[in-house]
1. Quick one: in region 406-446, which of the residues that are open to solvent by 50 Å² or more (accessible area, probe 1.4 Å), over 24 Å from the mean Cα position of the chain (by Cα) and over 17 Å from residue 375 (Cβ atoms) is modelled with the lowest pLDDT?
2. Restricted to region 308-360, and to residues that are farther than 20 Å from residue 515 by Cβ and free of Cβ contacts under 8 Å to residues at least 24 places away in the same chain, which residue is most open to solvent (accessible area, probe 1.4 Å)?
3. Looking at (1) open to solvent by less than 20 Å² (accessible area, probe 1.4 Å); (2) over 30 Å from residue 509 (Cβ atoms); (3) within 27 Å of the chain's Cα centre (by Cα); (4) not charged (D, E, K, R), which is the one condition that is false for residue 271?
4. Pairs, please: C-beta under 7 Å, at least 6 apart or cross-chain, first residue open to solvent by 60 Å² or more (accessible area, probe 1.4 Å) and in region 491-505, second among the small types (Gly, Ala, Ser)?
5. Could you list all residues from region 443-488 that are charged (D, E, K, R), assigned to a loop (DSSP other than H, G, I, E, B) and touching a strand residue (DSSP E or B) at 6+ places or on another chain (Cβ under 8 Å)?
6. Give 199, 187 a once-over and let me know the one that is part of a helix (DSSP H, G or I), free of Cβ contacts under 8 Å to residues at least 60 places away in the same chain and within 30 Å of residue 506 (Cβ to Cβ).
7. Here are 236, 231: which of them is of a type in the set (Gly, Ala, Ser), outside any strand (DSSP E or B) and under 28 Å from residue 511 (Cβ atoms)?
8. Which condition number does residue 552 fail, the rest of (1) more than 28 Å from residue 346 (Cα to Cα); (2) modelled with pLDDT under 95 being met?
Amino acid sequence: MDTSEICDILTRIGNLLEIQGENVFKIRAYHKAAENLAASGEDINLIFAQGRLREMPGIGPAIADKISELLTTGKLEFLEKLEAEVPPSLLEVIKIPGIGPKKAAMFWKEAKITTVLELENAARAGKLRTLPGMGEKSEAKLLENLALYRTLSARMTLAEASRQGARWLEWLRQQPGVTHAEIAGSLRRWRDTVGDLDLVASTDQPTFLVNQFILHPKVVTILSQGENKASVALSSGVKIQLWIQPDESFGALLQYATGSKYHNVALREIARQRGYSLNERGLTSEEGVLLACSDEETVYHKLSLPWIPPELREDRGEIKAAQEDRLPLLVNVSDQRAELHTHSTWSDGVESIASIAKLAISRGLKLLAITDHSGGLGVAGGLSITRLLQQREEIHALRREVGDRLVLLQGAEVEIRPDGSLDYPDEILAELDIVIASLHYSLSQPREVITSRLLNAIRNPHVDIIGHPSGRLLPRRAGADLDYEQILEAAREHHTGLEINASPYRLDLTDIYARRAGEMGIPLAVNTDAHSPADFDQAVYGYSVARRAWLTASQVINTWQPDQIVEWLKTRVRPS
């Protein structure tokens with residue numbers, strides 16, 4: 001078993017326990033263990049062989065023993081027992097937007113519904129409306145969400161796609177005769193979710209490479225096979241397409257396979273106007289002479305364009321901007337100086353404030369905000385006002401210890417209640433260094449109601465940043481139905497920042513609205529929302545959203561100097 005398979009099993013256990021109604025801390029332990037292992041990027045077999053399982057963040061003795069059992073026997077008695085108690089098909093049911101473990105358990109126990117098909121049939125027959133918490137409207141909404149589920153369920157999170165892509169790229173580069181290999185497609189463009197994986201390679205032995213690819217032990221179905229291209233499906237359901245060209249055409253192939261479709265259509269039109277056709281082999285003149293391009297820069301140069309970063313290749317004005325020399329110098333994760341959204345053991349994080357501060361310093365950060373949950377989010381162990389004040393004493397003491405190596409702020413992620421009020425009173429909010437206000441529940445409220453909740457928070461003078469605005473969870477929960485025009489206008493008027501949450505399960509604000517916010521002059525924060533050390537590595541996903549949003553470093557709060565951030569938090573006036 002590899003790391004991703006172990007992570008999948010741990011996540012599966014966590015979900016089954018949640019449906020069963022197990023203790024929330026036990027459930028979270030399995031989910032965090034899976035997330036930490038995945039984020040580590042390490043080979044689980046090597047970790048096990050070196051006896052380091054219990055040293056990994058979030059992996060205690062019980063989970064370490066279960067991983068050991070899986071790696072040594074290939075099965076897990078605990079999981080088999082759990083699957084005998086809870087129908088595993090319910091794991092697919094909870095992927096439907098709007099259906100959590102509690103509702104899935106209710107369908108199972110009250111109506112003997114255990115599969116997506118059974119649920120759909122019951123909804124269409126009007127048999128759900130009499131169940132607890134259901135009605136005609138919720139039944140109709142469920143049918144809408146089923147359609148959405150079928151669209152979303154075929155896609156991977158960016159993190160999962162990156163892990164799978166990296167493993168296949170490593171395999172590809174080890175094959176005899178391969179001189180160049182890269183990831184292409186929507187993963188290279190850093191789309192927030194990814195359907196199929198696209199790999200490109202150059203070699204003078206294409207037939208041999210295609211055969212090696214289709215005979216890989218993880219391949220269960222050969223979808224197509226040609227001289228320079230093959231497509232397969234894995235046992236996990238993931239589909240991979242491999243494109244092959246000789247070295248001299250590798251740049252043209254990489255550009256073509258990266259896409260997007262509409263970006264490529266626009267490039268082909270420019271090529272046509274210049275008397276060429278453009279495809280994965282390169283530029284071909286009207287006389288049939290091939291101009292092979294060994295790198296992408298040559299493709300764009302021959303079309304009188306500068307190289308365009310993959311994140312921008314969505315036909316959203318990037319070609320015109322390139323023609324007019326207006327492409328932005330995009331922000332990069334290496335520009336990060338601050339992390340403004342983290343959770344410690346005071347709420348639902350796994351590390352102490354001192355450990356998080358030490359980690360921030362080791363990563364070269366200059367400012368760190370501790371923003372544990374407010375008391376209203378009980379499931380996350382939110383802080384009462386008394387505990388918030390106790391935490392302040394610990395942070396004050398730690399400030400003296402870290403000195404000028406790190407600016408340490410006390411903040412809070414404050415829950416926006418269903419009625420639009422905030423968990424803490426204004427006098428408490430005023431004492432915090434930074435306030436992030438977020439939605440976590442009652443996300444299915446009507447558009448005008450839930451938009452009003454966010455507007456109330458934006459207009460509060462003590463709220464600095466709105467966290468993960470829609471509350472979506474990729475790839476299965478679409479998030480709140482918000483009026484973004486109202487939200488963006490209010491954020492601009494009240495100088496309130498908006499967060500791009502870097503968790504690959506959120507990536508919220510989306511690139512579309514982040515770009516609009518940037519154009520309106522609204523400061524954006526790229527935050528990891530870290531609950532464990534491994535979560536700090538997720539910053540790259542948040543910065544990929546910022547890049548797709550055409551943002552420069554000056555538009556992202558986390559890249560500013562610490563004194564500029566502190567001044568902004570006091571005045572909400574952007575530094576010049």
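1. 446
2. Applying the first criterion (farther than 20 Å from residue 515 by Cβ) to region 308-360 yields 334, 337-360.
So of that shortlist, the ones also free of Cβ contacts under 8 Å to residues at least 24 places away in the same chain come out as 334, 345, 352, 358.
On the way: 334: 96, 345: 75, 352: 44, 358: 154 Å².
Within region 308-360, the match that is most open to solvent (accessible area, probe 1.4 Å) is 358.
3. All conditions are met except number (3).
4. Within 7 Å, the pairs are 492/521.
5. From region 443-488, those charged (D, E, K, R) are 447-448, 453, 459, 464, 472, 476-477, 481, 483, 485; that's our starting set.
Imposing the further condition that a residue be assigned to a loop (DSSP other than H, G, I, E, B) reduces the set to 464, 472, 476, 481, 483.
Within region 443-488, 464, 472 qualify.
6. On the way: 199 fails: part of a helix (DSSP H, G or I).
Going through 199, 187 in turn, the sole match is 187.
7. Numbers: 231 fails: outside any strand (DSSP E or B).
Sole residue among the options that is of a type in the set (Gly, Ala, Ser), outside any strand (DSSP E or B) and under 28 Å from residue 511 (Cβ atoms): 236.
8. Failed condition: (2).
The values are calculated or read from the model by the stated rules, or taken from the named source; none is laboratory data. Keep in mind that what you see is a predicted model, and the values were worked out from it rather than measured. So basically every Cβ, Gly included, is an ideal-geometry build from the backbone, and we count neighbours across all protein chains shown. In case anyone asks, the SASA skips ligands and DNA or RNA and just uses the protein heavy atoms, side chains included. Shrake-Rupley method; radii C 1.70, N 1.55, O 1.52, S 1.80 Å.
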